[in-house]
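The values are calculated or read from the model by the stated rules, or taken from the named source; none is laboratory data. Keep in mind that this is a model prediction, so the values were computed, not measured. For neighbour counting, all protein chains shown are included, and Cβ atoms are generated from backbone atoms with ideal geometry for every residue, glycine included. Side chains are part of the model used for accessible areas, which takes the heavy atoms of the whole protein and leaves out ligands, DNA and RNA. Shrake-Rupley method; radii C 1.70, N 1.55, O 1.52, S 1.80 Å.
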Amino acid sequence: MTPIRAPSDDRLPVLGLLGLAAAGFLTILTEALPAGLLFQMSADLAVSEAMVGQLITAYAFGSLIAAIPLTAATRGWRRRPLLMTAVGGFLLVNIITAVSTSYVLTLCARFVAGAFAGLVWTLLAGYASRMAPEHLKGRAIALAMIGTPFALTIGIPAGTLIGGIIGWRPVFIMMSGLSILLVAWIAWCVPDFEGETGGDRASLASVLGRPGLKPVLAATLGFVLAHNILYTYIAPLLDRAGMGGRVDATLLLFGVAAIGSIWMVAVGIDRRLRTLTLASVGLFLVAALMLGAFGQVSWIVLLAVVIWGLGFGGAASLFQTASARIAGEAADVAQSMVVTAWNLAIAGGGLLGGLMLLGGGAGLLPWSCVLLLAAIGLMVWKSRLGFA
């Protein structure tokens, strides 16, 4: 089959890009849903809330460990069959999660799910870039990344609500069904491309050494670490303000703000990457300060969640566009590094957040994020090559 080439006009292949976005939606939904179902899963699996948080950590470790070696091993594969294989893997792992009564088995299933997710994420930005004309590549990546805020806005709150009504296990079975539908969508709407031939393959070391990539990876690591320290333990964080029973509504509020953010980022990302990245970090920093200083005042907490969502929504597009610009034809390799940094941060957020929760309580979480975000903002400000 001859691959479909990137269009030469001003049109984007919207249905194909939305197929990529749906793949991102499924990976985020599978990853983060335990945060919304924390109390139910804790009671059913007979473990602490902090241990349920480690289900997110295990997922992240799967992506962290698998992203680079799987990307290296599959660089010669055609892109569409590879994406379909990765998405199809969620069918198995989510069914295992749904039927497992063993915390250890559930933890293992989450690790394997994370490996599939790592492969999906390494593909999305490079795939979207190849589907778009040169001057719209950033916008195409932003559209492909819109699955993240929609998962946060619709998927996780809906899953949390449904889990509260019928139990958390049917929710994971429903996600297995979604993976089947998504494989069909990809087969129908997403164009196929060749993998890299032997002569085209830049080494990992040469890609990592490209000017500006290391600051992008460091900023990704710090930003996502701060996000997951808060997001993984959103339930006990809200409990400080007497809102422990409103996790679903709060996540919905966060996600709506995130969708607004990704729309604003999509409009300006091809011209104002550095400015938008600084704005994203700055908004998140303000939100963390508000949660730290006024975390027991419910209306301030809700306002902080909105500002946090505005800061977070476009972050994936910003970091992945920056890395794709730097890497050029080796975008998939650079994305595997971004995915590794991203999931190292998710794992670190679950682990460090759990330790802080056990050692100092939920009030300690936002202040750790303030320090991280201040350092990231300074790094982005100084890094003109990475966020040009």
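Surface exposure of the range 89-216, expressed per residue as accessible area with a 1.4 Å probe, stands at 40 Å². Here the relative contact order of the range 216-370, from alpha carbon pairs under 8 Å that lie six or more residues apart, stands at 40 percent.
Helical content alone sets the calculated 222 nm signal of the chain at -26000 deg cm²/dmol, taking -39,500 (n - 2.57) per DSSP H segment of four or more residues and averaging over every residue. Ligands, DNA and RNA aside, Phe111 has an accessible area near 80 Å² when probed at 1.4 Å. Between Leu364 and Leu15, the contour length at 0.36 nm per residue exceeds the alpha carbon distance by 121.3 nm.
Of the accessible area of the chain, computed with a 1.4 Å probe over protein heavy atoms only, carbon and sulfur atoms account for 72 percent. Ordering Ala226, Val99, Gly328 by the projection of their Cα atoms onto the charge dipole of the chain, which places +1 on the Cβ of Lys and Arg and -1 on the Cβ of Asp and Glu, puts Gly328 at the extreme positive end. Taking a point 7 Å from the Cα of Glu194 along the Cα-to-Cβ direction, the residues of the range 73-89 with backbone N closer than 14 Å to it are 76-79. Taking a ≥ b ≥ c as the square roots of the Cα gyration tensor eigenvalues, with a/c under 1.5 meaning rounded and otherwise prolate when a/b beats b/c, else oblate, which class fits the chain? Note, shape of the chain comes out oblate.
Go through Trp342, Val286, Pro236 and say which Cα lies farthest out towards the positive end of the charge dipole of the range 194-346; charges sit on Cβ, +1 for Lys and Arg, -1 for Asp and Glu. Checking the options against the dipole of the range 194-346, the answer is Val286. Note on the chain: GNM, Cα springs under 10 Å; of Gly292, Gly328, Gly222, the largest mean-square fluctuation is that of Gly328. Please give the residues of the range 171-195, grouped as numeric ranges, whose backbone N is less than 13 Å from a label point set 7 Å along the Cα-to-Cβ vector of Thr85. Correct set: 195. Taking 15 Å as the cut-off, the amide N atoms of the range 239-268 that come nearer than this to a point 7 Å along the Cα-to-beta-carbon line of Phe294 belong to 241. Based on protein heavy atoms only, the range 265-330 ends up with 36 Å² per residue of surface accessible to a 1.4 Å probe. What does the net charge come to around Ser102 if you take all other residues with beta carbon closer than 15 Å to its beta carbon, with K and R at +1 and D and E at -1? Summing Lys/Arg as +1 and Asp/Glu as -1 gives +1. Stick to Cα atoms and the Kirkwood definition of Rh, then tell me Rg/Rh for the range 259-388. Value, to two decimals: 1.00.
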